[in-house]
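The values are calculated or read from the model by the stated rules, or taken from the named source; none is laboratory data. As the structure is a computational prediction, the values presented were derived from the model and not from experiment. Neighbour counts run over all protein chains shown; Cβ positions are idealised from the backbone, glycine included.
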Amino acid sequence: MVQAVMTIAAEEEMPVVRRRSSLIRSPQFSSLVILIALLAVFAIADANFLSPLNISNMMAFLPELGIIAL
């Protein structure tokens, strides 16, 4: 009886593990991880990187660059 319950529980967890591993291997996830790492590096390197003025400057100039990149 206990073994049957454990088997059912293990079978229910397998799709979650597969979804996580496929999510981790996806290119979108790796891009997000790289973006977060770069934000952390630049924030540590320069105290003014995450200042409100710098963020507003980035929001003002990045849309044009994004459109050109497409």
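Could you give every pair whose Cβ atoms fall below 6 Å, whose first residue belongs to the stretch 23-44 and is among the polar types (S, T, N, Q), and whose second residue is modelled with pLDDT under 95, counting only separations of at least 6 or pairs across chains?
Taking only residues 6 or more apart or on different chains, not a single pair turns up.
Mind checking which residues of the stretch 32-54 are assigned to a helix (DSSP H, G or I) and either touching a Phe, Trp or Tyr at 6+ places or on another chain (Cβ under 9 Å) or hydroxyl-bearing (S, T, Y) (or both)?
L39, F42, A43
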